[in-house]
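Bear in mind that the values in this text are calculations on the coordinates, not laboratory data. Computed from a prediction, not measured in an experiment: that's the story for all the values here. Because the Cβ atoms are built from the backbone with ideal geometry, glycine has one as well, and the counts that use them run over all protein chains shown.
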Amino acid sequence: MSTPLRSVTNDVPPVLPGSAALDDLIAAITADAEARDRGEIGAQPAVDLLKRARFGAFRIPRAEGGGGASLVELFEAVIRLAEADSNIPHIVRNHLAFVEKALRTRDNAKYRHWLRLSAAGNLFGLGASELGVQHIGKGNGATVLERRGDAYVLNGRKYYSTGNHYGDYIFVYAYTPAGEPVAAMVPVGRDGVDTTDDWDGIGQRLTASGTTTFTAVHVAPDEVIHQGEEDLKLPFEATFPQIYLTAIITGILRAIVRDGADLLRGRGRNYYHAVDPVPANDPLLQQTIGRLSSLAYVAEAAVLRAVEALGRAQDSAEAGHPDPALYREASLRAAKAKVVLDELSIAAAGQLFDVGGASAARQATRLDRHWRNIRTLSSHNPVAYKARAIGAYVIDGSPLPNASFF
């Protein structure tokens with residue numbers, strides 16, 4: 001293979017579900033979260049921790065060098081990471097989605113090779129989104145993979161390139177000059193690849209979700225996937241990345257509960273007309289924390305229930321017989337979770353300030369990050385379209401959308 005197998009982990013064993021090593025990894029990422037949000041350090045050290053722990057191989061079977069986690073165990077870990085710092089699991093979202101794709105396409109030698117790269121500690125990014133006019137119901141793109149002698153040349157520009165800046169390889173979607181959809185696996189360090197960190201969003205500021213440019217990038221034939229011939233086509237393939245975003249929001253909700261309780265315990269005085277002079281003993285403020293905690297619980301339950309369905313669907317695909325009914329149920333559960341949780345989560349981030357009072361609004365607390373991050377994550381695709389699709393399905397069985405963003 002043209003993408004050489006190289007280890008970036010110094011043979012450190014992969015982190016396992018429920019292990020002390022996983023606890024230590026999350027604790028280390030938690031420790032520097034506030035410093036990252038203040039801009040004192042970047043996200044690269046935290047990503048390096050994930051790579052050394054081979055978290056990107058969490059789902060790969062242990063016999064193949066991975067952590068052997070179930071899909072539910074993966075999402076439980078993602079929620080915990082998001083509670084620590086929502087930027088960090090977001091950075092590896094595209095990588096983990098690609099691993100799922102490779103696990104169910106392992107009969108292809110190229111995907112097997114890329115799984116070995118992941119097991120060795122490498123991270124994959126994604127080149128998919130492009131700016132411009134989008135035809136309703138149909139994707140398009142201007143990134144071109146053109147044959148040149150015995151190899152190919154890739155030219156184009158991708159946007160919202162979450163994680164590419166921190167990755168080792170990028171899986172790039174493109175078209176041939178004849179209009180055939182293709183994909184290529186390109187090393188980040190190859191000549192002509194530029195992962196500009198120009199993301200200027202109000203939230204998820206450390207995810208490097210900016211621009212990736214490919215200028216006359218050499219691509220070998222064994223780095224190319226002709227999608228119509230080799231790639232396993234699945235119904236509702238976007239369910240994983242969609243429920244993943246809701247899982248990150250769930251982690252933020254847990255952080256809101258944590259920060260709210262800390263705020264309340266640290267307050268020394270209350271309003272003169274409050275129920276109790278000690279804020280931590282005030283039943284109204286206790287009720288607020290109780291409601292926030294309950295929302296975080298329900299969010300996690302909804303996410304993991306959707307993931308359970310997705311895990312059964314993934315099992316059917318890995319067995320060679322993807323079940324459309326299982327994938328539809330997983331997509332429906334993921335969409336329902338988002339429709340309810342987006343609005344409630346945004347409101348919860350505001351209620352945190354009701355607990356803390358005016359002092360919670362100080363810049364030093366950085367508590368606005370929860371609202372900014374939830375608002376940014378929930379903006380990936382509008383709730384209204386999901387709610388309409390769910391309603392039509394419930395009323396008359398109208399098919400659910402079967403492409404990206406649902």
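Evaluated at 4 °C with a viscosity of 1.567 mPa s, what Stokes-Einstein diffusion coefficient in µm²/s does region 106-252 have when Rh comes from the Kirkwood expression over alpha-carbon pairs? Value of D from the Cα-based Kirkwood radius: 79 µm²/s.
Computed from Cα atoms, the angle from the helix 368-378 axis to the main principal axis of the chain rounds to 40 degrees.
The charge dipole of the chain, taken about the Cα centre with unit charges on the Cβ atoms of Lys, Arg (+1) and Asp, Glu (-1), comes to about 440 debye, rounded to the nearest 20. Take 321-332, 382-393 and order them by the average number of nearby Cβ atoms within 10 Å per residue, most first; the result is 321-332, 382-393. The orientation-averaged projected area of the convex hull spanned by the Cα atoms of the chain comes to 21.1 nm².
Taking Cα atoms only, the orientation of helix 109-119 departs from the longest principal axis of the chain by about 40 degrees. Which part of region 38-64 falls in the paramagnetic zone of Asp197, meaning amide N under 19 Å from the point 7 Å along Cα-to-beta-carbon? Under cut-off, by backbone N: 38-52. Expressed as a fraction of 2.2 N^0.38 Å, the C-alpha radius of gyration for region 260-406 is 1.38.
Extending 7 Å from Cα along the Cβ direction at Val394 and again at Tyr271 yields two label points whose distance is 3.6 nm.
A helix-only calculation puts the chain at -15500 deg cm²/dmol for mean residue ellipticity at 222 nm, using -39500 (n - 2.57) for each DSSP H run of at least four residues, averaged over all residues. Restricting the calculation to Cα atoms, every distinct pair contributes to the Kirkwood radius of region 144-230, found to be 13.4 Å. Averaging over all projection directions, the Cα-based convex hull of region 284-328 occupies 3.2 nm² in the image plane. Computing Rg and the Kirkwood Rh from the Cα coordinates of region 43-120 gives a ratio, Rg/Rh, of 0.97. For region 346-378, trypsin sites (Lys or Arg not before Pro) are listed when DSSP marks them as loop and at most 15 other Cβ atoms sit within 10 Å of their Cβ; the list is Arg362, Arg366. Entry note: region 232-330 has Rg to Rh equal to 1.27, where both radii use alpha-carbon atoms and Rh is the Kirkwood radius. Put a plus charge on the Cβ of each Lys and Arg, a minus charge on the Cβ of each Asp and Glu, and nothing anywhere else: the dipole of region 197-340 about its Cα centre is then about 1100 debye.
Relative to the current alpha-carbon distance between Ala280 and Ala261, full extension at 0.36 nm per residue lengthens the span by 6.0 nm.
Distance from the alpha carbon centroid of region 167-222 to that of region 260-325 works out to 36 angstrom. For Leu126, the residues whose amide H sits under 5 Å from its own are Asn164, Phe171, ignoring neighbours fewer than 5 places away on the same chain, with H placed 1.01 Å from N.
Between Thr196, Thr239, His218, the Cα set farthest toward the positive side of the dipole of region 179-243 (charges on each charged residue's Cβ, about the Cα centre) is that of Thr239. Taking other C-beta atoms within 10 Å as the exposure proxy, Ile256, Ile26 rank Ile26, Ile256 from fewest upward. Charge tally for Ile170 (other residues, Cβ to Cβ under 13 Å; Lys, Arg +1; Asp, Glu -1): 0. Taken along the Cα-to-beta-carbon direction at a fixed 7 Å, the label points for Asp24 and Asp354 span 4.2 nm. With the simple spin-label model, which puts each label point 7 Å out from Cα in the Cβ direction, the Asp48 to Ser70 separation comes to 3.6 nm. For the chain, the tally of Lys pairs with Cα-Cα distances below 25 Å comes to 23, considering only residues 8 or more apart or on different chains. Counting neighbouring Cβ atoms within 10 Å and putting the fewest first, the residues Leu50, Leu123 line up as Leu50, Leu123. Axis angle, to the nearest 10 degrees, between helix 20-31 and the longest C-alpha principal axis of the chain: 70 degrees.
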